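Okay, structure first, notes after.
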Amino acid sequence: MTMPQESVEQVLSVRGMDCASCVAHVEKAVRKLPGVDHVAVNLALGRAQVRFNPNAVDADRIALAVTDAGYPASVQSAESNQADNDAQDAHTRTWLMRGVIAGVLWLPVELLHWLTVAFGYHGHGVTWIVILSLVTSTLAITFVGYGFYVSAFKAAMRGTSNMDTLISMGATVAYGYSLVALLGYIGGYWSVLPHLYFTEGTALLALISIGHWLEARARSHAGSAIRDLMHLTPSTAIRIKQPVKSAPNRLNILQSTDEDTSSDQEEVAISQIEVGDHVLIRPGDRVPIDAVVVSGRSSVDESMLTGESIPVTRQTGDPIIGGTVNQDGALTARVTRIGSETALAQIVKLVETAQNSKPAVQKLADRIAAVFVPVVLGIALVTGIGWYIHGQMSDLSAGETWSNIARAVCSVLIIACPCALGLAVPAALMVGTGRGAQLGILYRDINALQNAEWINTIVFDKTGTLTLGRPVLRKIVATGGLDETQLLQHAANAEQFSNHPLAKAIVAASRERKLNLSEPSEFINEPGLGVRAKVAGQELLVGSEAYLQQSGIQTGTSKSIADASTVHIAQGRDYLGYIELIDELKPDSAEVIEMLHGMGLTTVLLTGDNENAARRVAQLVGIEDVRSNIPPAGKAEAIRFLQSPSGKLQDGQKGVIAMVGDGINDAPALAQADLGIAIGSGSDIAKETGGIVLVSGSLHGVPTAIKLSRATMRTIRQNLFFAFFYNIIAIPIAAFGLLSPIICALAMALSDVTVIGNALRLKRTRL
């Protein structure tokens, strides 16, 4: 019996997509396959993200189906990424070449025409300007229009249509009508030579080609952030054959000779590095891969990943991230992650996932785009019929009537632009999420981006979020006949296996005093309360005052101190005393809270610590609403209450909640909140559970993330409004003959460039 297998996700590289209609065709081809749960195609990136059941279909078959639909596709990999970049560069050069050729064939003829008019020469009949226009237009249709015709023909063979269908038909109408009219005049069918559109046909090919070139360049700029991230890591690393046991001296390494180093160092490709290998990172080198320092000390610039400009000190035991820059000391490090498990790969994956997601309004745009080209063809047909009827009712000559028909139909076909519909959302998402990645802000999907815009309340965890999360021992009070050293030793014995910051502080203090610790034979952790352990046959309880009281142990008068966290210790039924620990604020906590208040946001402190310690932190940072003594399991319920009508805030509004926490103990609260913001680090991004991950761990990322979300969503709405408004207004104007084909070609060429250009403004938005 075959066990059911969970769905997997795979990203495909897709080439040849030019408009939103292409997106619809690719998605339709993928959805036809068995086992496909979801597909989202990103026109701006040339990517398709597919979720499917591997028992029913595999990634190669999906790629083949997309290729058979007319869009060459491959499973995304490092090689395909490079191939995509090369193809994109070649695509950009091709459009430039086409634009230059068509421009050379159009502009001199256009200039000569206006010069002859300016100097009073008005030839009649088949003049040399007409012959020159015919020749240059024929060359343009042949050498520049070829690409449009091939694309349109392939689409027609598949029973579909795309933007090239409109362009090729528009060029054909302009050129075909002009050729027929010229031959009709020469054959005596027309008594007067009608207006010819040879130069207009050449012009539209030139302008549209230049427009596509500008669009390709703009797309490249829009996606530069993610490409810059992908190129951060070097292609080689210096692997140490025999790891050194002592810290290398920077001066010795820099001055060592080839004879000294050739025997124990080798430069190898990153693909040959394995987990556990030791690598040497020299001053000025980029860190080649995720690792932990085993010897040496240096400053490391992590700004390209975290957005923090100040270098951080890394020494023995500290993690270092691939792609960061080692500044002033040599480091020897042991590789901890390779390939797709590295922090940089996780960042790129998160950004790409966010860029591939679609809001509901984009799905509406895609449905419209799927029928856009056939609708425009229908409008063009109706336009032609309308102008023919107008000619008959107005007693126009046959030449004038067909000239009007050709002008209007060509204009309708050329001015319609499905590209703008397809690029409106992905272009803004690509720039917004890319800039976020550069600032150390990672959005997991479009929901996180959308929800951040409407947040009115920010709920903060205390330990590790507003504070440094590294409490230090301040005072030991022994009340059960033990001295301070013995009480600390008992507490440390019990806390050895706990990951709570207070437990780690107690264990660290015992080691600083060089106390010998005994390993507990039994250990039970009660999240948010404390631990129960058996050491040398004696049961120890270490935790909050409430935890001990629940176990029937009387602690006497409350030992909660106004500016400290208190850990109580009991042995069996006997109360032994308590330890005071203090956690320092992060330097930017108060400033960030002030910034959030300036943005009109309400702040709440939610912590499992005692009320006095919580209020002390809240007072220092400027938070008025404090909710203390709440265990991790109760934080989600507290968030749920704030979201409910009964949990209205001080100003009476219903809470739209963002929870800011460390992503581990606060995972239920992060999931319950409308938006979870996880304070992460570059080394544990994959562990985070929030909709937004702040890689640097700096709280400044909270207001920045909200501002960037607001700016990105505002840009998306602007782009969609422009895309819909442009087509709704431009097509009727063209149908009524109020725009020449040249103006229509220019408008269409600039429409998608305008959408991407508006998205690029996000790079300069002040945050």
task = Express in nm, to one decimal, how much length is gained between Lys241 and Gln619 on full extension, taking 0.36 nm for each residue of separation and deducting their alpha carbon distance.
result = 130.6 nm
request  = Principal axes first, then extents: for the Cα atoms of region 380-445, list largest minus smallest coordinate on each axis, whole Å, largest first.
outcome  = 69, 16, 12
request  = Along Cα→Cβ, 7 Å out, is where each label goes; now give me the distance between the ones at Arg761 and Lys504 in nm to one decimal.
outcome  = 4.4
ask   = Put a dot 7 Å past each Cα toward the Cβ at Phe153 and Val292; how far apart are the dots in nm?
value = 6.3
message = Going by average Cβ density within 10 Å per residue, which order do the peptides 18-29, 380-391, 328-339, 411-422 take, highest to lowest?
response = 411-422, 18-29, 328-339, 380-391
request  = Compute the Rg to Rh ratio over the chain from the alpha carbon atoms, using the Kirkwood formula for Rh, and round to two decimal places.
outcome  = 1.11
ask   = So for the chain: antiparallel DSSP bridges make up what percent, rounded to the nearest 5?
value = 80
query = Among Ser698, Ala546, Val371, which residue has its Cα positioned farthest towards the positive end of the charge dipole of the chain, with +1 placed on the Cβ of Lys and Arg, -1 on the Cβ of Asp and Glu, and the dipole taken about the Cα centre?
reply = Val371
request  = Filter the cross-link list Lys462/Lys707; Lys363/Lys635; Lys475/Lys534; Lys28/Lys763 down to pairs whose alpha-carbon distance in this structure exceeds 29 Å.
outcome  = Lys363/Lys635; Lys28/Lys763
remark   = dims of region 606-645, Cα set, principal axes, largest to smallest, nearest Å -> 28, 20, 10
task = At 1.4 Å probe size, with every protein chain present, just tell me what the per residue accessible area of the chain comes to in Å².
result = 44
task = For Asp574 paired with His195, estimate the spin-label separation in nm (one decimal), with each label point 7 Å from Cα along the Cα-to-Cβ line.
result = 10.7
note = Excluding ligands, DNA and RNA, the carbon-plus-sulfur percentage of the accessible area of the chain with a 1.4 Å probe reads 56
ask   = Gln486 to Asp264: FRET efficiency via 1/(1 + (r/R0)^6), r the Cβ-Cβ distance, R0 35 Å, to the nearest 0.05?
value = 0.15
request  = Please express the Cα-Cα pair-distance distribution P(r) of region 304-453 as a list of whole percents, one per 5 Å bin, running from 0 to the bin with the greatest distance.
outcome  = 1, 8, 12, 11, 10, 8, 8, 7, 6, 6, 5, 5, 4, 3, 2, 2, 1, 1, 0
inquiry  = Compute, for region 279-374, the length of the dipole vector about the Cα centre, with Cβ point charges of +1 (Lys, Arg) and -1 (Asp, Glu) only. Units Debye, rounded to 20.
reply    = 280
ask   = What 222 nm value per residue comes from the helices of the chain, counting each DSSP H run with n ≥ 4 as -39,500 (n - 2.57) and dividing by all residues, nearest 500 deg cm²/dmol?
value = -16000 deg cm²/dmol
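The values are calculated or read from the model by the stated rules, or taken from the named source; none is laboratory data. Keep in mind that this is a model prediction, so the values were computed, not measured. Ideal geometry is used to build each Cβ from the backbone, glycine not excepted, and the neighbour counts take in all protein chains shown. Heads up: the accessible areas ignore ligands, DNA and RNA and are worked out on the full protein's heavy atoms, side chains in. Shrake-Rupley method; radii C 1.70, N 1.55, O 1.52, S 1.80 Å.
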